[in-house]
Amino acid sequence: MNPTSARPFILSVNNQSHTVSVEPDSPLLYVLRNDLALNGPKFGCGLGECGACTVLVDGVAARACVIPVSVIEEREVTTLEGLSENGRPNAVAQAFIDNQAAQCGYCLNGMIMTVQALLNRNPQASEGQIRNELRHNLCRCGTHVEIMAAAIAAVRRQP
């Protein structure tokens with residue numbers, strides 16, 4: 001039997017400190033879903049290609065399926081659950097709800113988190129900038145028109 005190399009990691013997720021004991025190369029996505037019961041980020045491809053697992057790391061969009069938990073210590077991770085404001089969806093998530101930008105909804109975590117990261121950098125992003133930002137997020141249901149409408153609506157809600 002091989003000895004485990006699991007060790008405790010202190011993670012800051014959604015402005016809360018969590019201690020988890022996992023292997024250093026465990027994907028952040030697994031820790032978020034399995035250890036912290038945060039199911040906003042989804043397992044899509046496991047290769048960082050589809051965007052379903054997107055979270056914010058220090059405010060920047062990152063693919064949680066390919067980030068080892070060992071590189072996340074001392075960084076702030078925000079999941080979809082962490083975007084809520086007083087238990088209600090934030091402006092970006094609400095724009096997706098209002099524009100019915102979902103069919104199956106599997107991609108929405110990545111779409112919302114990617115748009116949020118863009119608005120963190122550029123609150124008045126143009127349609128072209130939104131399209132460019134979302135180009136690597138996949139939606140198999142084909143709700144791209146509604147997703148773009150939601151993203152544009154989210155920009156309009158920015159102060």
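The values are calculated or read from the model by the stated rules, or taken from the named source; none is laboratory data. This structure is a prediction, so every number in the text was calculated from the model and none was measured. Cβ placement follows ideal geometry from the backbone for every residue including glycine, while neighbour counts extend to all protein chains displayed. Calculation scope for accessible area: heavy atoms of the full protein, side chains included, ligands and nucleic acids excluded. Shrake-Rupley method; radii C 1.70, N 1.55, O 1.52, S 1.80 Å.
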Ranked packing of 50-61, 32-43, most packed first, by mean Cβ within 10 Å: 50-61, 32-43
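Rounded to two decimals, what ratio of Rg to Rh does the range 83-159 give with C-alpha atoms and a Kirkwood Rh?
Answer for the range 83-159: 0.93.
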Residue 67 long-range amide H proximity, modeled H, under 5 Å: 28, 29
Residues of the chain: accessible area per residue with a 1.4 Å probe, Å²: 54 Å²
Backbone HN-Hα couplings from phi across the range 72-89 [Karplus 6.51/-1.76/1.60, Hz, Gly and Pro as x]: 9, 4, 6, 10, 9, 9, 10, 9, 3, 4, x, 7, 5, 10, 6, x, 10, x
Within the chain, percent of DSSP bridges classed antiparallel, to nearest 5: 90 percent
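Using only the Cα atoms, work out Rg/Rh for the chain, with Rh taken as the Kirkwood radius, to two decimals.
Answer for the chain: 1.00.
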Amide H within-cut-off set for residue 22, under 5 Å, with H built and near neighbours excluded: 7, 9
The chain - percent of accessible surface contributed by carbon and sulfur, probe 1.4 Å: 50 percent
Expected 222 nm ellipticity per residue - DSSP helices of 4 or more, -39500 (n - 2.57), all of the chain, to 500: -8000 deg cm²/dmol
5 angstrom amide H check on residue 76, placed H, neighbours 5+ away: 58
